[in-house]
Amino acid sequence: MSKEFEVPRSVEWEENHINILNQQKLPAETVFEHLYTKEDVYDAIVTLKVRGAPAIGITAAFGLALSAQAIETEEIDVFKQEVIRIKEYLNSARPTAVNLAWALDRLLQRIERAASVNAAKTDLVHEAIQIQIEDEETCRQIGQNALQLFKSGDRIMTICNAGSIATSRYGTALAPFYLAKKKNLDLHIYACETRPVLQGARLTTWELMQGGVDVTLITDNMAAHTMKEKQISAVIVGADRIARNGDTANKIGTLGLAVLAKHFHIPFFVAAPLSTFDVSTLDGSDIPIEERDPLEVKELNGVPIAPPDVQVFNPAFDVTPSHLISGIITEKGIITSNYAKEIDALFAESISQ
């Protein structure tokens, strides 16, 4: 069996609870936690126990389905109103990743015509499971599409963690690396550490090593030097939200990599499923950027590294403008120019199918 399947699933449905891989504990410990309530799910998303736009969406969907099982009413309209209330609560957990709202809205659409509460409860569970199943195939297809961009011997840079543990399996930006391993293609990955929460150092290096993928860790401020000295072939990153014109929100530091890639004439790719596109947002200026706890910057593993009263600006994401993006890799193919037109066409095709 390929080593790629040794990477554990980050989210699993277990009938009366949700089982998650606590990504706060990695790489020191592989710890799984059980979530039983909507409050448990909300906390897991906010505190980054579960993270990555697709995995957040899957967890929220399971959370809504799980919480709905405890609603005690036989009146379908009352039930639906309570489901909407839970949906809005879970949707407030993190504002930037659009997959969260997408998954919750999809569950609500599933029960619009439900004739009874029992039927609605069953439909919610089935739809949440279906989202996870579809995500695995979507990620595999993204990996297949991305792999055609690379050749054996390429050195590729990434940031944050857009891998198997950020999705149902395979990942988005990391998916081609697992598929390359199966095909015996020699790709070497340079992973930026991703300050301040170190998702690249803690998570990307861990899971790529679990899958037997060749990976080297660098600090974020080594990116320019590494691009030059190691002859980086391409940069590939994930996304938390893609606007209608192709502007892309991703983990803080992504914009800097895009600017550097432009300077060094290195192709810069974004890998994301259609569920990460937000065609209601015209451009990146309208994407909400989450700001997180200043302690993430002032401390490292709970140890102070800055004056306790220093002011901190801690945005979790930045927005890369579409003109810096060489291509956006989706499960439906790769778009490389006139993003607004191609994204509209992509969604028109998806709706017609």
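Here are some notes:
- Listed residues A258, P315, P273: farthest to the positive end of the dipole of segment 247-353 (Cβ charges): A258
- Per-residue SASA remark: R292, around 40 Å² accessible (1.4 Å probe; ligands, DNA and RNA not included).
- Dipole magnitude (debye, nearest 20) for segment 104-259, charges at Cβ of Lys, Arg, Asp, Glu: 180 debye
- Put a dot 7 Å past the Cα of Q231, heading toward its Cβ, do the same for L108, and the two dots end up 5.3 nm apart.
- Note on the chain: dipole from Cβ charges, positive end direction compared against P304, L324, G163; the farthest Cα belongs to L324.
- Spatially, segment 199-263 and segment 78-157 are offset by 25 Å when compared through their Cα centroids.
- Principal axis dimensions, largest first and in whole angstrom, of segment 49-179 by Cα: 61, 24, 18
- Once the C-beta distance of T122 and T73 is scaled by a Förster radius of 22 Å, the resulting FRET efficiency is 0.90 to the nearest 0.05.
- The accessible-area ordering, largest first, of the residues D105, D123, D293 stands as D293, D105, D123, per a 1.4 angstrom probe.
- Reciprocal of mean inverse Cα separation for segment 239-323 (Kirkwood radius, Å): 14.4 Å
- I129 paired with D186, simple spin-label distance in nm, labels 7 Å along Cα-to-beta-carbon: 4.5 nm
- Cα-centred dipole magnitude for the chain, charges only on beta-carbon of K, R (+1) and D, E (-1), debye, nearest 20: 1200 debye
- If you plug the beta carbon distance of Q311 and V46 into 1/(1 + (r/R0)^6) with R0 = 22 Å, you get a FRET efficiency near 0.45.
- The order of E134, E29, E112 by accessible area, most exposed first and with a 1.4 Å probe, is E112, E29, E134.
- Correct choice for Cα Rg over 2.2 N^0.38 Å that was computed from the model, options [x] 0.97; [y] 1.17; [z] 1.30: [x]
- Legend: translational diffusion of segment 197-353 by Stokes-Einstein, Rh = Kirkwood radius over C-alpha pairs, 10 °C, 1.306 mPa s; D = 92 µm²/s.
- Kirkwood hydrodynamic radius (C-alpha pairs) into Stokes-Einstein, segment 189-250, 25 °C and 0.890 mPa s, D in µm²/s: 190 µm²/s
- Within straight-line reach of K298, meaning a Cα separation under 27 Å, sit the following lysines at least 8 residues removed in sequence or on another chain: K25, K49, K251.
- Across the protein chains, with a 1.4 Å probe defining accessible surface, the residues W206, W102 rank W102, W206 from largest area downward.
- Surface accessible to a 1.4 Å probe, I232 within the full protein complex, Å²: 10 Å²
- Violating pairs (Cα-Cα greater than 24 angstrom) within the set K181/K341; K183/K332; K80/K332: K181/K341; K80/K332
- The 3J(HN,Hα) values that the Karplus relation (6.51, -1.76, 1.60; θ = phi - 60°) gives for segment 125-137 are, in residue order, 5, 4, 5, 5, 5, 4, 4, 5, 4, 5, 5, 4, 5 Hz. Gly and Pro appear as x.
- Label zone at K25 (point 7 Å along Cα-to-Cβ), backbone N below 13 Å, segment 38-79: 49-50
- Surface accessible to a 1.4 Å probe, per residue, for the residues of segment 278-346, Å²: 55 Å²
- Across segment 105-119, coupling constants 3J(HN,Hα) worked out from phi with the 6.51/-1.76/1.60 Karplus curve, θ = phi - 60°, read 5, 5, 5, 5, 4, 5, 9, 4, 9, 4, 8, 9, 5, 4, 5 Hz, and Gly and Pro carry x.
- Using a probe of 1.4 Å, the accessible surface attributed to E15 totals some 140 Å² when neighbouring protein chains are kept in position.
- GNM on the chain, alpha-carbon springs under 10 angstrom: the most fluctuating residue among G253, G200, G153 is G153.
- Additional length obtainable on full extension of the chain from K341 to E137, 0.36 nm per residue less Cα span: 70.9 nm
- Derived scalar couplings between HN and Hα for segment 91-100 equal 5, 7, 5, 8, x, 8, 6, 6, 4, 4 Hz in order, rounded to whole Hz, by the Karplus curve 6.51 cos²θ - 1.76 cosθ + 1.60 (θ = phi - 60°), x for Gly and Pro.
The values are calculated or read from the model by the stated rules, or taken from the named source; none is laboratory data. Because the structure is a prediction, the values reported are computed rather than measured. Cβ coordinates were reconstructed from backbone atoms using ideal geometry, including for glycine residues, and neighbour counts include every protein chain displayed. What goes into the accessible areas is simple: the full protein's heavy atoms, side chains included, and nothing from ligands, DNA or RNA. Shrake-Rupley method; radii C 1.70, N 1.55, O 1.52, S 1.80 Å.
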